[in-house]
Amino acid sequence: MFSIPDIEQRLSALGANTAHRERVLRHWVQALPLTQGRRKLDHFLPQAVRDALPELMADLDGLTRLVEEHPGADGSARLLVALRDGQTVESVLLPRDGLCVSSQVGCAVGCQFCMTGRDGLIRQVSSAEIVAQVALARQRRAVKKVVFMGMGEPSHNLEAVMEAIQLLGTVGNIGHKNLVFSTVGDPRVFERLASGPVKPALALSLHTTKPGLRRELLPRASRLTPQEIVEAGERYARETGYPIQYQWTLLDGVNDGDDELDAIVALLKGKYGVLNMIPYNSVPELPFQRPEWEKARDLARRLHQRGVLTKLRDSAGQDVDGGCGQLRARAAPPQRGRTIPIQSAD
Ligand code: SF4
C-alpha cells in the first residue's frame, strides 16, 4: 500500500532528481509505454534508475488489477478493481473522458441509502492506489477529468487524496477544475483544499436542507448543518472561481417534497453553484425508492424557475450513491469494517 512519496523516495535512492522523478511518474500516470520516448528516457535518466525501471513499473502496474467491467448504455463502464491485498474498489469510466475513483475500501459515514456505507470502513486507499486507478483506466481510454465520487469519503483520507490530486494536476495532465473532490462536508476540507498548489473543484453532498434528517441519512458525517456547509462552499467557490456542485440524491417521499423546495431556494438562490439532482437507483438490499422521473423533472423545473440553477441528471454510475458499492458487494461476501479512527474535526 505504498504512497506517492514512497515511490519518490525509491527513485531518489537510485539517484533520481526532481525532473527524473517527474518523468517516471508521468510515464506511469499517463499510461505511456516504456518504449515510448525510450531513447530520450535512456538519455535522460541515470543508469541506476534505468536499470530499476522495469521492476518499478511492474510494481506500479501491480497496484491495481481489473476484475470485472460492466459497460453501461450511455458509454460509461463500471470497473471492479482489485488492489494488491485482494481488497476491491470500484472505478467508473464516465462519458466524455471522465473517471470516478474510490478513495477508501468501504466508508465510515454510513449513509443509509448507500451500499458502500453498510460495512463501515475496511481500509484506506493509498495515494498510489488512487493514481493507479487512473493509470489503469488510461490503458483503456483517455481520461481528462477525475471525480472523487466512488467508494469512500475523501475527507476521511484527506492527505492521500491530496497527494493524488497534486500528482494528477501536474504530471498527470488533468486540468485543476477537472479534478472534483466530493465530500459530505468536513471543516478540514475547505481549508486544506484552498491551501494546496492544485486546487480541485468541489462537490458537496447535501441531500436535504434539514439538519435532523441529514443526521439520520448520513449518520457519521460531520455535524456541520446544511447552512454551514453551503456558507463554507460559497467561500471556496469565490476563492477558486469554480462553482460548487451541490449533490442531491432524490429519494422518493424522503427529500423530494415541497418543504425541501422552499428551503433549497432559501439556501442556494444566488449562490455560486449548481444543484445536481440525481434520482436514486433503487437496490433490493435497501429500502429507498427512486422517484418517478416526471416528479423529479417537475421539482428541478420549479427550482430553476425560482432562481436555483438545477440540473436533473440520470446517473452514469458515479454519483448515484446507492449504486456505489454494488459491484463490490456482489463480488465479495460482506466484510465488516474494523473501527479505524477518523480524526474528527467536529
Ligand atoms: S454515499 Fe459516499 S459518504 Fe455516504 S456512505 Fe456511501 S461512500 Fe460513504
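Nothing in this text is a laboratory measurement; each read-out follows from the coordinates by a stated rule. Everything numeric here is computed off the predicted structure, so don't read it as measured data. Cβ placement follows ideal geometry from the backbone for every residue including glycine, while neighbour counts extend to all protein chains displayed.
Being under 23 Å from A108 (Cβ atoms) and assigned to a loop (DSSP other than H, G, I, E, B) is a property that L286 has. Say we look at segment 111-135 and pick out the residues that are of a type in the set (G, A, S) and touching a strand residue (DSSP E or B) at 6+ places or on another chain (Cβ under 7 Å); which of these is farthest from the ligand (Cβ to nearest atom)? Applying the filter and picking the extreme gives A132.
Scoring N255 on the criteria (1) in a strand (DSSP E or B); (2) of a type in the set (S, T, N, Q); (3) in contact with a Lys or Arg (Cβ under 9 Å, 6 or more places away or on another chain) leaves a single failure, condition (1).
The set of residues from segment 27-63 being among the small types (G, A, S) and in a helix (DSSP H, G or I) comprises A48, A52, A58.
Of the residues A160, A203, A108, the single one that is in contact with a His (Cβ under 8 Å, 6 or more places away or on another chain), within 16 Å of the ligand (Cβ to nearest atom) and either free of Cβ contacts under 8 Å to residues at least 12 places away in the same chain or not β-branched (V, I, T) (or both) is A108. Being surrounded by 24 or more Cβ atoms within 10 Å (Cβ to Cβ) and either part of a helix (DSSP H, G or I) or within 16 Å of the ligand (Cβ to nearest atom) (or both) holds for only one residue in L167, L80, L99, and it is L167. Among the residues of segment 171-185, is any assigned to a helix (DSSP H, G or I), away from the ligand (no atom under 16 Å from the Cβ) and not charged (D, E, K, R)? Taking every residue of segment 171-185 in turn, at least one turns out to be assigned to a helix (DSSP H, G or I), away from the ligand (no atom under 16 Å from the Cβ) and not charged (D, E, K, R). Based on what the data block shows, is G212 surrounded by fewer than 20 Cβ atoms within 10 Å (Cβ to Cβ), more than 16 Å from the ligand (Cβ to nearest atom) and at negative phi? Answer is yes for this residue. Of the residues making up segment 276-305, those that are closer than 15 Å to E260 by Cβ and of a type in the set (S, T, Y) number 1. Within segment 122-139, residues that are closer than 14 Å to R84 by Cβ sit with their Cβ atoms under 8 Å from residues that are surrounded by fewer than 24 Cβ atoms within 10 Å (Cβ to Cβ) and among the hydroxyl-bearing types (S, T, Y), at 6+ positions apart or across chains, in these pairs: S126/S3; A128/S3. Within segment 136-154, restricting attention to residues that are within 16 Å of the ligand (Cβ to nearest atom) and in a strand (DSSP E or B), which residue is surrounded by the fewest Cβ atoms within 10 Å (Cβ to Cβ)? Checked segment 136-154; the qualifying residue surrounded by the fewest Cβ atoms within 10 Å (Cβ to Cβ) is V147. Checked against (1) buried (at least 24 other Cβ atoms within 10 Å of the Cβ); (2) within 15 Å of the ligand (Cβ to nearest atom); (3) at negative phi; (4) part of a loop (DSSP other than H, G, I, E, B), E90 meets all criteria but (4).
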